[in-house]
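Notes for the one structure printed next.
Throughout, read-outs are computed from the coordinates displayed, never taken from laboratory work. All figures in this text were calculated on a predicted structure; none of them were measured in a lab. Quick reminder, even Gly has a Cβ in these numbers, built from the backbone with ideal geometry, and neighbours come from all protein chains shown.
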Amino acid sequence: MQINVPLTAMLYKLRNNNTSTFRQSVKLAWPISLQSILVTMLGMSDIMMVGHLGDAAVASVGLGNRIQFVVLIILSGLATGVGVLSAQYYGAGKLTRVSPVIIKVLIIGTGLLLPVVLLTFFFGDVIVGLGTTDPAIINTGKQYLWVTMPSLAFVLIVMVFENALRGFSQVRLSMALGSIAIIINIALNYWLINGGLGVDALGVLGAAWATFIARAIHAVMIVFFLAKSKHIVFPTGLTGNDFYDIKQWSHLIKLVWPLMVSFGVWSLGTFVYQLIYGRIGTQELAVMSLMAPLEGLLVAFFFGFASACSIMIGQRLGQNDFMSAWSVARGFAISAPIVTLFLGLLMLSLESLMFMPYANLDQGTLSVAHDIFILITFGTCIKVFNMTASMGILRAGGDNKHCLLIDFSGMWIIGIPLTFAAAFYFALPIYWVVLITYSEEIVKSVLFFYRVKARYWQRNLTAHSGPQEVI
C-alpha cells in the first residue's frame, strides 16, 4: 500500500495534467482553426465566383494568389517571430516588452513590402508570365496583382497584432474580426465580379478590389479595438529605451531572419511548383488552382492546433518548464497526423458536395481534379506533421536555422528537382507529377522527427544575458 498510494497519486496528477493540457489546446486552437478555415474558404470563394468565366479566369486568380502567397508567407515569418516572443514574454511575465517588438516588426515589414509592390507594378506581366504562356492569363493576372499586392500592407498589420494576441492566449477577438472581414469580402466578391447597383461587372478585377477593401477594413478594425481598449500590445509611440536599444534590435533580427528566409524558401518553392504546373498546360494549372484551397482546408484546420502548440510550448519555455514543454510537444506531434487522416477521409466522402461549385468547368478538368484530390487527402497527413513539428515545436524555442535547413533540403534538393524531371524530362501525367512532389514532405518528416526528439529547441528566449539569446 505504501508503494501504490504514491503511484496512484502520481498517475492521477498526470491524467489531470494531460486533461488540462488538452482543454487548453482546444480552447486556443478552435478560434485560430476556424479563422484559418474561413480564410481558406475565402480563397476558394474567389476561385468559385470566377469559375463561370472559364479555365483562364480560374488560372489567373490561382496564379495571382500564388505569387502573392510568396510575399505573404515571408511577412508571416516576421509576424511569427512576434508570436514566439509574445508567448515567451507572457510566460516570463514581461508583458510590456511586446509592444516595442511590434513597432520594430512593422517597420521591417513595410521596408520589405514597398520594393515588392513597385516591382509588381512595373513588371507584373513578366512575373505572371513565368507561370504561363497564355496571353489572356498574363493580362488578367497582372491586373489582379496590381490591386491585391499593395493590400498586403493591411495583412501585415493584422498578422502582427494577431500573433501578439495569440502569445497571450487571446484568440477570440482575432477570430471575430477575421470572420467579419471574410463576410465582407465574399459580399463584395459577388457584387463586384457580377456587377449591380450601378456598378459594371468587373470579373477577375472585381475579386481583386473586393480583397483590397476587405483587408483594409480588417486592419482598421483590429487597430481600432486594440487602441480603444488600450491593450498592452498596442504601441503608443516610438519613444522608450526598448525601441532605441540596439541589442534588442539585434536580438529580434537574429530571431526573425531565419524565419523569414525559411518561410520565403518554402513559399518560393510552392510558386515554382505552380510554375511547373502552368508550363505543363492551362488545364493542369486550373486543376492545381482548384486543389490548393481544398488542400488548404485540411492544413487550415490544424494550423490552429500548431499555433496552440507553439503558444503553450513558448509559455512553458519562458517559465523554464522544459519537461512540460516536451510533454505538450510529444502529444501534438503524435495526434495531429492521425486526426488529419480521419478528417481527410471525411472530406473524401463529401467530394461530390465539395466539387459542386465547379460544375461549370470542363469535365476533363474535373476528372483530373478528382484523382489529385484523392492523392492530396492522404499526402496532407505528412504535411500536417511537418507543420506541427516546425511551426508548433521547433520555432517555439527559436530553432529557426534548422527549420530553414530542413525546408531548403527537402524542397530545393529533393522535391523541386524530382518534380521538374517528372514533368519535363519524363513527361509524366499531372497525377504522377503531383505524387512526386510529396518526396519533399517525406524527407522533411524524417529530419523534423529527429530534430524534435533531440530537444535542442528547449530554450528560453526572454533572457538577454547569455548565449541562449543567440537564435
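Structure summary
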| read-out | value |
| --- | --- |
| Chain lengthening between THR96 and ILE374 when straightened (0.36 nm per residue, less Cα-Cα) | 95.3 nm |
| Cα principal axis extents for region 374-471, largest first, Å | 56, 24, 17 |
| Normalised alpha carbon radius of gyration of region 289-382 [divisor 2.2 N^0.38 Å] | 1.42 |
| Where labels lie 7 Å past Cα in the beta-carbon direction, separation of MET354 and ASN139 in nm | 3.5 nm |
| Mean separation of Cα contacts under 8 Å (6+ apart) over length of region 409-456, as relative contact order % | 42 percent |
| Protection proxy ranking of 208-215, 388-395, 264-271, 343-350 - average other beta-carbon atoms within 10 Å, highest first | 388-395, 208-215, 264-271, 343-350 |
| Paramagnetic label zone (point 7 Å from Cα along Cα-to-C-beta, ILE338; backbone N under 18 Å) in region 303-318 | 305-306, 309 |
| FRET efficiency, LEU405 to SER250 (Cβ-Cβ, R0 25 Å, nearest 0.05) | 0.70 |
| Partner lysines for LYS247 [C-alpha distance under 23 Å; skip if fewer than 8 residues away on the same chain] | LYS94, LYS104, LYS401 |
| Net charge of Cβ neighbours under 13 Å - reference ILE232; Lys, Arg +1; Asp, Glu -1 | +3 |
| Residue-span extension gain [ILE413 to ALA427] - 0.36 nm each, minus C-alpha spacing | 3.0 nm |
| Distance between modelled label sites at ALA227 and VAL199, nm, 7 Å Cα→Cβ extension | 2.5 nm |
| Using alpha carbons only: equivalent-ellipsoid semi-axes of region 145-195, gyration tensor based, whole Å | 26, 15, 4 |
| Anisotropy class of region 269-428 from Cα gyration tensor, a/c 1.5 cut | oblate |
| Residues of region 253-269 with amide N under 12 Å of the 7 Å Cα→Cβ point at LEU119 | 268 |
